[in-house]
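What follows is a single structure, written as structure tokens, with notes after it.
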Amino acid sequence: GCQVVIPAEAAVIARRIPIPLFGAGLVEAIPDATILALEDPTDDNGDGISGRAARIVDIATGQILLGRFGWKAQHATLLAFRADACPNEMGITNDLFPAELASGVHPDRMRLCDPIPDPEDVRDPRTNRRGIDNFESFMKFLAPLARQAPDAAARSGERVFVAIGCTSCHVPALTTGRHTNRLFDNQTVALFSDLLLHDVGTGDGIVQSAALATEIRTPALWGLGVRRALLHDGSATANEGGILRHSPQGA
């Protein structure tokens, strides 16, 4: 009786694979202005690409920030990104997301299934930190994978990548700005993403935060050499399959 079920009225059911967490602190340190300089929502330059920034209300601060984390760029900060994942993926409520996600479980039954009062992620009296604070730090300081030295085939592929316009969305590198932690000051982030929302024909049908049903945030390509499940739902198991799914932008 404690098993969560998909509501009968659900009109869209989609699957998503986890997003790699390495280098997330550097992504958070990229200034909003850098992302905004890349957006072109009405394709004013006529290149067929119309990416737009996800302007969202950050649940932790109440401020309007640019989303950059999650498949729909639904979160602007690592703290919010982690806090949202806790109830969604682990069933742990917290200050930012205090409600249990228990579709199909009656509240009376829920009190028997989970007697621990919400929010469950409480502050450690010794450190005054929550679990979401600790995991935020873990993600922030998890270094990106080192890029392998390119061989002749890689250099040739990179030239093709640039020539056919892939870098319009998968921008090879962005730069961080001034940061309260000097480790993140003026760092080059070889992300291969513009962190914008695009319609490339791979949308999951879900309207989420600022993203339309057809839109997905440009996924970063760093670490691609050690990844196998591609696209938001893992439906492409090889680079070619992921590339061929691109339309209309990036076709």
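A 1.4 Å probe, protein heavy atoms only, puts the accessible area of residue 111 near 150 Å².
Here is how the number arises for the chain: DSSP H runs of 4 or more residues each give -39500 (n - 2.57), the sum is divided by the residue count, and the result at 222 nm is -5500 deg cm²/dmol. Based on alpha-carbon atoms, the Kirkwood radius and the radius of gyration of the chain give Rg/Rh equal to 0.99. Given a 1.4 Å probe and the protein chains as shown, residue 191 ends up with an accessible area of around 0 Å².
Each peptide in 102-109, 7-14, 220-227 gets a packing score, the mean of other Cβ atoms within 10 Å over its residues, and the list from highest to lowest is 220-227, 102-109, 7-14. Measuring nothing but alpha carbons in the range 151-207 and taking Rh as the Kirkwood radius, the Rg to Rh ratio lands at 1.11. Give me the percent of accessible area attributable to carbon and sulfur for the range 130-251, probe 1.4 angstrom. After summing per-atom areas, the C and S share lands at 58 percent. Taken along the Cα-to-beta-carbon direction at a fixed 7 Å, the label points for residue 233 and residue 182 span 4.9 nm.
What is the sum of charges, Lys and Arg at +1 and Asp and Glu at -1, for the other residues whose Cβ falls under 15 Å from the Cβ of residue 67? Taking every Cβ under 15 Å from that of residue 67, the sum is -1. Calculated translational diffusion coefficient of the range 1-129 (37 °C, 0.692 mPa s; Stokes-Einstein with Kirkwood radius over alpha-carbon pairs) equals 187 µm²/s.
Spherically averaged projected area of the convex hull of Cα atoms, the range 91-199: 12.3 nm². Between residue 14 and residue 209, what FRET efficiency comes out of the Förster formula 1/(1 + (r/R0)^6) with R0 = 22 Å and r the beta carbon distance, rounded to 0.05? According to the calculation, E is roughly 0.90. Each Lys or Arg adds one and each Asp or Glu subtracts one; over the other residues with Cβ under 11 Å from the Cβ of residue 79, this totals -3.
Other residues within the sphere of radius under 14 Å centred on the Cβ of residue 214, judged by their own Cβ, net out at +1 (K and R +1, D and E -1).
Rolling a 1.4 angstrom probe over the protein heavy atoms with all chains in place gives the range 124-251 an accessible area of 58 Å² per residue.
Measuring from centroid to centroid over Cα atoms, what is the spacing of the range 1-45 and the range 148-169 in Å? If we compute the Cα centre of each part, the gap is 25 Å. Protein heavy-atom surface of the range 47-86, 1.4 angstrom probe: 57% of the accessible area is carbon and sulfur, with nucleic acids and ligands not counted.
Rg/Rh for the range 60-130 stands at 1.03; both radii use Cα atoms, and Rh follows the Kirkwood definition. About its Cα centre, the range 127-171 has a charge dipole of approximately 80 debye under the convention of +1 per Lys or Arg Cβ and -1 per Asp or Glu Cβ, with nothing else charged. Here the peptides 230-238, 144-152, 192-200, 24-32 are ranked by packing, the mean other Cβ count within 10 Å, and the order with the highest first is 192-200, 24-32, 230-238, 144-152.
For the set 184, 135, the ranking by accessible area, highest first and with no ligand, DNA or RNA atoms included, is 135, 184 under a 1.4 Å probe.
The values are calculated or read from the model by the stated rules, or taken from the named source; none is laboratory data. What you see is a predicted model; the values in this text were computed from it and never measured. Cβ sites come from the backbone with ideal geometry, for glycine too, and all protein chains shown count toward neighbours. Calculation scope for accessible area: heavy atoms of the full protein, side chains included, ligands and nucleic acids excluded. Shrake-Rupley method; radii C 1.70, N 1.55, O 1.52, S 1.80 Å.
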